[in-house]
1. Would you please give the residues with an amide H less than 5 Å from that of residue 148, counting only those at least 5 places away or on a separate chain, with H modeled from the backbone geometry?
2. Using r as the Cβ-Cβ distance of residue 177 and residue 223, and R0 as 51 Å, what FRET efficiency do you calculate, to the nearest 0.05?
3. Once you put a point 7 Å from the Cα of residue 68 and another 7 Å from the Cα of residue 575, both along the Cβ direction, what distance in nm separates them?
4. Please list 3J(HN,Hα) in residue order for the stretch 360-374, calculated via the Karplus relation 6.51 cos²θ - 1.76 cosθ + 1.60 where θ = phi - 60°; whole Hz, with x for glycine and proline.
5. Using the scaling law 2.2 N^0.38 Å as the reference, what is the normalised Cα Rg of the stretch 2-225?
6. With the contact rule set at Cα under 8 Å and sequence spacing of 6 or more, what percent relative contact order holds for the stretch 2-225?
7. Full-extension gain between residue 450 and residue 429, please, as 0.36 nm times their residue separation minus the C-alpha to C-alpha distance.
8. Suppose R0 equals 51 Å; then what is the FRET efficiency for residue 85 and residue 409 from their Cβ-Cβ distance, rounded to the nearest 0.05?
Amino acid sequence: MCGLLGSICTDSSADGARRADALEAALPLMHHRGPDDTQIWYDDDVVFGFARLAIIDIEGSSQPLSYDDGRYRIVFNGEIYNYLELRTELAEKFGATFHTDGDTEAIVAAYKYYGDDCVDKLRGMFAFVIWDSRDKRLFGARDYFGIKPLYIATVDGTTYFGSEKKCLLALLEGGGEPLPVDTRALQDYLTLQYVPEPASMQQTVRRLESGMSFAVQDGKVSTRRYFNPTFPIAPVRSETARADLYKRIADTLDDSVRMHMRADVTVGSFLSGGIDSTAIAALAKRYNPGLLTFTVGFERDGFSEIDVAAESAEAIGVEHITKLVTPEEFAGAVPLIIWYLDDPVADPALVPLWFIAREARKHVKVVLSGEGADELFGGYNIYREPLSLKAFEHVPGSVKALLGSVSKKLPDGMRGKDLLRRGSIPIQERYYGNARLFRDDELDFLKVRDPNATIMDVTRDLYSRCAQYDDVTKMQYIDLFTWLRGDILVKADKVTMANSLELRVPFLDKEVYRLAATLPVSERVTKATTKYALRQGLKQIVPPHIFNRRKLGFPVPTRHWLKDELYDWARGVIADSGAGDLIDLPAISRMLEAHRAGPLDLSRKIWTVLVFLIWHGIFIERRISPEIPQTHYPVRL
């Protein structure tokens, strides 16, 4: 787990030494991603910089790493969990030789022998870039689900790439005027609470999408999607087959956790009050009897899972560490966290996650977590919606349109109104991911917007790629490309790496995915529960008090705080903002007052705007300058 930064310019007049100096000045901005070692390498075409967090082969595998007598150079962020098996395969099949004991060399060797298809051999999380000095070709890729980030920008014949956008901004802006806000990205952000890939909040800088590779050769940049999720659903026709399925789920997840425990440093685990993180911790305990687990909470009833997590920790026999966050600590940390994020993400759970990552880093260098279970196994309650709308499946379109018109005339809150509304709308128009904040007709406060653009522009191509599936599977597919990589994995990477802590996600493993993708809808969601097959598979792994518990994650009491403890803070954020050319700030103030007066809960919408205003103050106005803490932690190896 590290940070990479680089550029390629094949112009014969390019000055590699000058570009290396610029990169050396930008690299410290992501020192938190790799405080253990910093290295730079360059030739006439390419500059590579690397900040290392040493996890595997601590004394060796420094990067940029050279391979095949210097023909190849690689920078790599992530972990390849099957690197031992891959090294053996390459040695036996091709006679490949290795000079380190790490996973980085396995990637570059796989590229030598398999070419661009090397990505198909990798089991893990990754963003890497390889330079072939003989063929003058740059190749890079990002993992299947988007666990690790990779930003890219091409300007004046030079292509820049890096793990953190702020480093690219330093290279592109050069201390001059900030790159302008992408107003379409802002419009999408206000609806989704994150900027959907491949965009970023500034148009010049984009993101390589999950499951994609890119190449630069002869001055031309090309991209290729190497992974597109498919769902080869297999019916479960007998009780014996069902029992076998549940056992395979437990065994496959156990194998994934075993692989994710590979490290030369101590591995701990996050532990909330839900089934996913509890299962991961229970399985990890098998491979590390001294496992440490970590939980965060707030001193407000209903917004802390510390007691439940502590009960789980006792039941599975692990040492447990907790952190309570006050409203004052919460507000004080927000600007710093947004600086780490690079782009605004308005998920309040980011903040407690940052605090528990900071606490965990005092004890371990790697943690496991439960992200991805909901998207793969059908864990969100919204996935049950198609079951409630089954009666509408065979209703003619003209009748659905009539029902939709009727629903609009019914009084708000009337029983059946929302059911008629949802049943009359096709899935493509009513579902664009788990986060749905401002509707298009609620964005009057946005001063610069495209009136012809809708949020369906983000999902239109995705729906065309999954048209053959049922509505539940379509929703999961949409979330894999929107909510999961836009919110869940961004916060997982950014706030843990902010604390020089590596986070691993065993559910987002290619083998776990392959099994989950075969589940019939009836094994994913029922009218009574979600993640049905996964729950059955975990029955003998998690404590009984967790088995059917409602998912909370790390809930945040923003609704209450914006009325009371954080009201003055929120008013100050709005009053001090210089984003008045983009946002009608008095309208946001009125929204805050309406929330405080009640009964409407506008907290999520207000929070989304507040996060953008702080981001704007940091990256556009440069008025807010968070104090970046030292990235040095004691680690029990």
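What follows is calculated from the coordinates using simple rules that are stated; it is not laboratory data. Small disclaimer: the values here were computed from a predicted structure and weren't measured. Neighbour counts run over all protein chains shown; Cβ positions are idealised from the backbone, glycine included.
1. Result for residue 148 returns 126, 143.
2. 0.95
3. Rounded to a tenth, the inter-label distance reads 6.3 nm.
4. 4, 5, 6, 10, 9, 10, 9, 10, 9, 8, x, 4, x, 4, 5
5. Taking the Cα Rg and dividing by 2.2 N^0.38 Å, one obtains 0.99.
6. Over the stretch 2-225, the number comes to 19 percent.
7. Additional length available on full extension: 5.7 nm.
8. Between residue 85 and residue 409 the formula returns 0.20.
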